Amino acid sequence: MVTQATIDLLRHGETTGGMRYCGSTDHALTETGWRQMWASVERTPMQWQHIITSPLQRCARFAQALAERCAIPLIEEARLREIHLGAWEGRSAAELMLTDAAALARFWQNPLDHPPPQAEHLLAFRARILAAWHDIQVRFAGQHILLVTHSGVMRMLVCHIQQRPMQHLLEIEVPYAAMKTVEVIWHDKDCQATLKTGHSA
């Protein structure tokens, strides 16, 4: 028996944190961020049967507004929150270039082996994201789902689906309000996910 599901991945829009490493810090969306996200979903046929969101407000508040507008059930999934960036939370790349330039360069080149100080390790991040991803695929097999989440989460899922090395995670571009579509096909107990399309605001 073959079962097909579609899972759309939507990144949040611009935040009040500006061009800083937000990570697990709970910044809100700006007015521009709200417009970016509405523009992104309005270009997509709204046929979702469930919306699943990170609990951080830059995702969750938009997801709630969309769910209410379209009368779609909403679920918060704590495992879809962004990676915690430790000592770099709330700091900009420009600031880090003045104080930790060498560490920042190593991180950009290979975030797996050179994480920020006191940050959640990429392997731990990968484990929680893929555990949530597996559970979502099983629970919502055969449905059309929207996940509202973060750039790090989306990069990790793209790496997993396309079997890319995690060392190259930061090479994957995920602009504000970017949407990527994943087609999931179940054949008996085997599951295959394919990245289909993407667009950004």
Pair list, Cβ < 6 Å and 6+ apart or interchain, from the range 122-133 residues that are closer than 13 Å to Met154 by Cα to residues that are surrounded by 21 or more Cβ atoms within 10 Å (Cβ to Cβ): Phe125/Ile83; Arg126/Met156; Ile129/Val153; Ile129/Met156; Ala132/Leu80
Looking at the structure I just gave you, is Pro115 under 21 Å from the mean Cα position of the chain (by Cα) and surrounded by fewer than 16 Cβ atoms within 10 Å (Cβ to Cβ)? no
When you check Arg155 against the structure, is it surrounded by fewer than 17 Cβ atoms within 10 Å (Cβ to Cβ) and either at pLDDT below 95 or basic (Lys, Arg) (or both), yes or no? no
Applying the selection to the range 19-58, what residues are at pLDDT 95 or above, within 23 Å of His144 (Cα to Cα), part of a loop (DSSP other than H, G, I, E, B) and more than 15 Å from the chain's Cα centre (by Cα)? Trp48, Gln49
With the condition kept exactly as written, say whether any residue in the range 147-168 is assigned to a helix (DSSP H, G or I) and among the basic types (Lys, Arg). yes
Within the bounds of the range 11-21, is there any residue that is of a type in the set (Asp, Glu), within 20 Å of Arg155 (Cα to Cα), out of contact with any Lys or Arg (no Cβ under 8 Å at 6 or more places or on another chain) and in contact (Cβ under 8 Å) with a residue 40 or more places away in the chain? yes
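The values are calculated or read from the model by the stated rules, or taken from the named source; none is laboratory data. Not measured: the values here are computed from a predicted model. Every residue, glycine as well, gets a Cβ built from its backbone with ideal geometry; the counts of neighbours run over all protein chains shown.
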